[in-house]
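K.L.:
Okay, here's the structure, questions in a sec.
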Amino acid sequence: MAFCGTCGQQISDGVKFCPACGTQISESNTPQTESQPVSQSAAQSDEMQLGDKFAQLNNTTDNTSEFAPKDIEQNKVMAIFAYFGILVLVPILAAKDSKFARFHANQGIMLCLVWVAWVIIDSILTAVLRAILWRGLKLWEVYSICGTILNLVYLVITVLAIIGIINAANGRAKELPLIGKYKILK
């Protein structure tokens, strides 16, 4: 079985033109067999690069083997609560003896602290931008663009929370990207 070297369409042996894309099949552009990789379009390549970057970012330490399977099963819900802001107190207070819930509570506390710190920084930067742009230049477009950029950090925090929730629901004790290596709770 052969494939077109340009579009990846399956072609019969002896065909001179690809029936899908019309590329001439010559010795320099011989059909690929199943063992040869099919070329990718630029969009697929960019998508794979983005996926590779996310996978590399999310390639953090997985500590699941350190926890008892029974502890993981009994405390998944408590671990999930850790990623909902102030509800991080629920696993800290209700599942004191669970190492699995405590691991996720630590991740949740770090995420909550990052969120609180960013709220403060965002408030200060927004106030400064308003003062500069309102009184001086009246460039509301600049303020709008800066506000949008500042708000992207909230999106990153939300994505980190979702990653944590998915890990907890799947019974994995995997550190969050960027902030997971820091420990507050022992």
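K.L.:
Give just the number: which of (1) under 18 Å from the mean Cα position of the chain (by Cα); (2) without any contact (Cβ under 8 Å) to a residue 60 or more places away in the chain does His104 not satisfy?
P.N.:
Single failed check for His104: (2).
K.L.:
Does Lys99 satisfy the criteria of being charged (D, E, K, R) and more than 28 Å from Ala55 (Cβ to Cβ)?
P.N.:
Spelling it out, it is not the case that Lys99 is charged (D, E, K, R) and more than 28 Å from Ala55 (Cβ to Cβ).
K.L.:
What number of residues within the range 124-165 satisfy the criterion of being at pLDDT 90 or above, of a type in the set (A, V, I, L, M, F, W, C) and within 23 Å of the chain's Cα centre (by Cα)?
P.N.:
Number satisfying all stated conditions: 11.
K.L.:
Also: Which of the residues that make up the range 84-100 are among the hydrophobic types (A, V, I, L, M, F, W, C), in contact (Cβ under 8 Å) with a residue 24 or more places away in the chain and closer than 19 Å to Val114 by Cα? Even if it seems obvious, please write down each step before you answer.
P.N.:
Filtering the range 84-100 for residues among the hydrophobic types (A, V, I, L, M, F, W, C) gives 84, 86-90, 92-95, 100.
From what is left, the residues that are in contact (Cβ under 8 Å) with a residue 24 or more places away in the chain are 84, 86, 88, 92, 100.
Phe84, Ile86, Val88, Ile92 - these are the residues of the range 84-100 that are among the hydrophobic types (A, V, I, L, M, F, W, C), in contact (Cβ under 8 Å) with a residue 24 or more places away in the chain and closer than 19 Å to Val114 by Cα.
K.L.:
Next up: Can you pull out the residues in the range 1-18 that are out of contact with any Phe, Trp or Tyr (no Cβ under 8 Å at 6 or more places or on another chain), part of a loop (DSSP other than H, G, I, E, B) and either surrounded by fewer than 19 Cβ atoms within 10 Å (Cβ to Cβ) or aliphatic (A, V, I, L, M) (or both)?
P.N.:
Taking the range 1-18 and keeping what is out of contact with any Phe, Trp or Tyr (no Cβ under 8 Å at 6 or more places or on another chain), we get 1-8, 12-18.
Restricting the remaining residues to those that are part of a loop (DSSP other than H, G, I, E, B) gives 1, 4-8, 12-16, 18.
Result: Met1, Thr6, Cys7, Gly8, Ser12, Asp13, Gly14, Val15, Lys16.
The values are calculated or read from the model by the stated rules, or taken from the named source; none is laboratory data. Being a predicted model, the structure only gives us computed values, none of them experimental. Quick reminder, even Gly has a Cβ in these numbers, built from the backbone with ideal geometry, and neighbours come from all protein chains shown.
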